[in-house]
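See below for the structure under consideration.
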Amino acid sequence: MDGITLGRASLLCTLLLWALQVCSGTVTVTVTPKLEVVKGETAKLPCTYTVSSPSNTVVEWFIEEQGTRKRVAFHAQGGEGKSDEGSPLSGRVSIGADSTLTISSVQPSDELNFFCQVTAGPSGVADAATMLLVFFAPEKPELTRPSSQAITAGETTSSEIGTCVTKNGHPQPRIIWFKDDQPLPEIKDRKEKTYMIPSVVKEASGLFTIKSTLYMQPTKEDKDSVFHCTVEYTMPGNQIKQKKSNTITINLNYPSEKATFTLLNTDPVKEGDTVTMKCETDGNPQPEFDFKKNGKEINGQGGLLVLKSVKRTDNGLYECRATDFDNIEADLSGNITITIHYIDPVNVTPALPRDAMLGDKVEWQCKTKASAKHTVQWKKGSEVLSQDGTLSIQDVSYDNAGEYMCVGAVPSVPGLTAQASVNLTVKGKPMIETPAVGEVGKEGDMVTLKCSAHGFPAPQFNWKPSGKESISVEGNKLVSMVTLQATAEVMKDGVTCEASNEHGTDSKTFLVSLKRAIDNSADRVLLSGNPVLTSADKQQGGSSGVVIAVVVCVLLLLLLVALIYFLNKKSKLPCGKKDKKEIASGEVNNDIVVEMKTDKANEEAGLLNKRPSTEQ
């Protein structure tokens, strides 16, 4: 091999070795392909990398605008991260030691492709892209009607129904129209009967304002239709959300086809009521109305006919009639027959106040007339005394005095009543009620006595003996109260109340006695100053009888034992073994003396049903 060939072979080997070294160096960059964030929040874009051969490494973040990359931040290995001035992110972007790019207060304009580029000297250069997506919920949509006049049903051209506007959304939202809660197809072709005209405005903030106007050719069936719109928008995590607008109805004109005439009063009409009748058609706007009563024209206001404080003469046939020039051939009329219920004033015979003597008979008659079946009742207070129009009192007493009311009513018509009252005065001599016993603590105390008497004219009172007197009225009674000293004479004879008028006199005697008092220390009751036994005394007295009976029984038993003993000594009774003792004649005492000793404590315990204490 010559020198030239050897030189060429050496050069070729050198080039191959250099190429092998260059190709063996590699850089790998890893980022998040897509990052979603809400406007105003902070976004963190991570970036990690690997380098085959350690060397001075530089990490740079770029944005891409209109096909051109622009650096926004960088840092070299071992150095401090810095951001670039003059970029759209200046002042809001920083790069960390871990190469993460942080963007504060994210704006819609930040929705860009971000590139993390790593340069590692001989190992080479590599990058990876992150797409930053920015979201913001739009405002609630606002729906408005056009300011133009009403729409006429049946027209051949479409009319504006309303405009829906939603502001400040990102990404661009969409508007959906609803009629009676049913979505309308999104049609933009103006040749169709129903279509929408949308518009989009991108604000300086980068947010979108969306507007959509709905057009239709409504029919009469749409007079009560309700329209609304919703804005549909996207949020992070592929969430699809909606916001609903207010609702509107359309002001639709359409011809009348029929009329209705209605009585608005719900209860039967009675004299004095206000009657309201309403006439209306099924068209819009409402036409003019004419009213008649029994064929004669009367005045109404719009579609209302109001009759105030009606009388029975207002009975009759009422008619309303309308004329709609958009449908001149339609029969637009209606009629109502009004019945005014009434009741005449009640007539009481005799009508003047009545004076009757005690024991007399009195009677009244009450009559009335009404438009329907009615009732007549006599009442005193809330008590019903008669239901046939006749009130008869056979034997008049003072309790019968007072006011009586005759009430006429029509049960089928609530509130339809008439009434009249009469007054009964009962005359006669006084009648004193049964007196109550007066009580004092001791003789000489002051006592107050109450004397109640019926009578008319009002009786005069006279007390014997007299005292300090006061007069009052209780219902239909006159009451005299006297206060005096309970002297010995008063305690003995009592106090007399005498009531008198021109028809006679009545008197009653009031007794005065000592009050019942209790002496707790002696446990005795004193009634009118006389001591009586308490319940404990009675119990002890009763127990003494029981003790006496027991003693008698014990004595009889001892006598029986003594007799048996005596007969045994005489050997008249067969007995068992016994001591034989000589009994000297003449030494036998036929008188048997029994001595009983009782334990007083035990006896008292037995009387009180107690057991004596046992000695321990």
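Here, each number is a calculation from the coordinates, and none is a lab measurement. Not measured: the values here are computed from a predicted model. As a convention, Cβ positions derive from the backbone with ideal geometry for all residues, glycine included, and neighbour counts pool all protein chains shown.
Worth pointing out:
- Computed packing ranks the peptides 438-449, 37-48, 204-215 as 204-215, 37-48, 438-449, most packed first, by mean other Cβ atoms within 10 Å.
- Label point at N423 placed 7 Å out along Cα→Cβ; residues across the range 345-377 whose backbone nitrogen lies under 15 Å: 351-356
- Taking packing as the residue-averaged number of other Cβ atoms within 10 angstrom, the listed peptides 143-149, 455-461, 371-377 run from highest to lowest as 455-461, 371-377, 143-149.
- Label sites at Q217 and L264, each approximated as a point 7 angstrom past Cα along Cα to Cβ, lie 4.0 nm apart.
- Charge dipole of the range 142-252 (Cα centre as origin; +1 on each Lys and Arg Cβ, -1 on each Asp and Glu Cβ, all else neutral): 300 debye, rounded to the nearest 20.
- Rounded to the nearest 0.05, the FRET efficiency derived from the C-beta distance between S105 and T339 at R0 = 60 Å is 0.15.
- Estimated dipole of the range 347-424 in Debye, rounded to 20 [Cβ of Lys and Arg +1, of Asp and Glu -1, Cα centre]: 420 debye
- Fully extending the segment from T274 to F325, taken as 0.36 nm per residue of separation minus the present Cα-Cα distance, adds 15.1 nm.
- Ordering of 153-162, 338-347 by burial proxy (mean other Cβ atoms within 10 Å per residue, highest first): 338-347, 153-162
- The calculated Kirkwood hydrodynamic radius for the range 142-252 is 14.8 Å, given to one decimal from all distinct C-alpha pairs.
- Charge context of M405, other residues only, Cβ under 9 angstrom, K/R +1, D/E -1: +1
- Within the range 438-477: backbone nitrogen closer than 20 Å to the E383 label point (7 Å, Cα to C-beta): 453-456, 474-477
- Backbone HN-Hα couplings from phi across the range 157-171 [Karplus 6.51/-1.76/1.60, Hz, Gly and Pro as x]: 10, 6, 10, 6, 9, x, 10, 10, 10, 10, 10, 6, x, 7, x
- Under 16 Å from the Cα of K82 - aspartates and glutamates, other chains or at least 8 residues apart: E60, D98
- Counted residue by residue at 0.36 nm each, then reduced by the alpha carbon distance between them, the extension gain from K477 to S412 reaches 19.3 nm.
- Contour minus Cα-Cα distance for E41 and E443 (0.36 nm per residue): 134.5 nm
- Here the spin labels are modelled as points 7 Å beyond Cα on the Cα-Cβ line, and at T496 and N251 they lie 9.9 nm apart.
- Point-to-point label distance, E80-A458, nm (Cα→Cβ direction, 7 Å offset): 11.3 nm
- At an R0 of 22 angstrom, the distance between the Cβ atoms of E192 and E142 translates into a FRET efficiency of 0.30.
- Charged-residue dipole, Cβ positions (Lys, Arg, Asp, Glu), the range 281-380 about Cα centre, Debye nearest 20: 1100 debye
- Here S94 and R174 are evaluated by their C-beta separation; at R0 = 35 Å the FRET efficiency comes out at 0.45.
- Value of relative contact order over the range 255-338, rounded to a whole percent, pairs C-alpha under 8 Å and six or more apart: 38 percent
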